[in-house]
Amino acid sequence: MLFLLAHLMGMAQTTVRGHVVNERGEDVEYVSIGFEEETDSVGIISDAKGYFTLTIPKGRKNDLSFTHVSYLPAVVPCQEYTKGDELTVVLKDRVVELSEVLIGKKNKPKTIVGKGIPAPGLVGTSGHGSDLGPEGGVAFSCSKEYVISDILVKISGCTFKQCKVSINVYEKKGKQFVNIHQKPIYETLTNDKSNYLLDIRPEESIVLKPKKDYYVSICVVDGFGEKGFLYMKAYMKNGLYRNAMKGKTKKLPVCPAIQVKGYVVE
């Protein structure tokens, strides 16, 4: 009976394997793979060399979506990914027109978002290999135009021996989250220290415009094959938690202690 049950469960799902590359044939790391309109969080992140294995429940007929900050989204139709062949998915470069900004010589970074009342306990994310937790962050808008200078995250502990995190800055357009930077922002963390301030200084100019809605988040994209947890201090402020592989977006009364600083654009 156990053999029959395992056999039936195998028939009830599809396993998709593949490799994600760019137009030059180069591996694309940490691609979010899932279903755009579904809410059951079926999805994964490709590994550092662009390889992935995804198990899809029976009856799923939607296109499979592939997204990465530096590339245009790609979709693979159901009739393609259910053939059983290993997929090669090619992503096309996403060209972002960078606006010229002028910052005064005496301009000092100002806090755009991040001041809050400390919350009891901690918030965090977990994972094992490509089975990683959601991204968590803070949603906000600003009254002036800024160029981000620093993204600061208060790290409380890391049980991974080593993990890689991704920091994303999105513009919220209805239900869509659109990256406003061209280059991915990664940091590698280890468990040899705790209670420190992670200070990320973007290499490119990330411009925030007034009266637009933004979301800055952090998530673990690689646990290097190990199960672990990343803990962060929390603020008593509405937080937004989102499955980057096309799952649900949830609002909670606490958020990771993320602070965004920037220069006012003249």
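The number of residues in the range 41-83 that are out of contact with any strand residue (DSSP E or B) (no Cβ under 8 Å at 6 or more places or on another chain) and either among the basic types (Lys, Arg) or touching a residue at least 40 places away in the same chain (Cβ under 8 Å) (or both) comes to 2.
Per the listing 209, 233, 173, the residue uniquely farther than 24 Å from residue 72 by Cβ, open to solvent by 50 Å² or more (accessible area, probe 1.4 Å) and charged (D, E, K, R) is 233. Annotation note: of 199, 150, 192, the sole residue that is of a type outside the set (S, T, N, Q), open to solvent by 50 Å² or more (accessible area, probe 1.4 Å) and closer than 16 Å to residue 260 by Cα is 199. If you take the residues of the range 108-126 that are modelled with pLDDT of 80 or more and assigned to a loop (DSSP other than H, G, I, E, B), which of them is most open to solvent (accessible area, probe 1.4 Å)? Once the filter is applied, the top-ranked residue is 108.
Residues that are open to solvent by 80 Å² or more (accessible area, probe 1.4 Å) and touching a strand residue (DSSP E or B) at 6+ places or on another chain (Cβ under 9 Å) within the range 176-189 comprise just one, 176. Give the residues of the range 218-251 that are without any contact (Cβ under 8 Å) to a residue 60 or more places away in the chain and more than 18 Å from the chain's Cα centre (by Cα), sorted by residue number. Answer for the range 218-251, where residues must be without any contact (Cβ under 8 Å) to a residue 60 or more places away in the chain and more than 18 Å from the chain's Cα centre (by Cα): there is none. Of all positions in the range 133-153, at least one carries a residue that is modelled with pLDDT under 90, within 26 Å of residue 50 (Cα to Cα) and assigned to a loop (DSSP other than H, G, I, E, B). Looking only at residues in the range 236-266 that are open to solvent by less than 40 Å² (accessible area, probe 1.4 Å) and more than 24 Å from residue 163 (Cα to Cα), the one that is modelled with the highest pLDDT is 262. Elements of the type strands (runs of 3 or more DSSP E) sitting completely within the range 156-266 and holding at least 3 residues that are β-branched (Val, Ile, Thr): these cover 162-173, 185-190, 214-222, 258-264.
Taking residue 49, is it at pLDDT below 90 and open to solvent by 20 Å² or more (accessible area, probe 1.4 Å)? In short, no.
The values are calculated or read from the model by the stated rules, or taken from the named source; none is laboratory data. Worth saying up front: this structure is predicted, and the values here are computed from it rather than measured. Ideal geometry is used to build each Cβ from the backbone, glycine not excepted, and the neighbour counts take in all protein chains shown. What goes into the accessible areas is simple: the full protein's heavy atoms, side chains included, and nothing from ligands, DNA or RNA. Shrake-Rupley method; radii C 1.70, N 1.55, O 1.52, S 1.80 Å.
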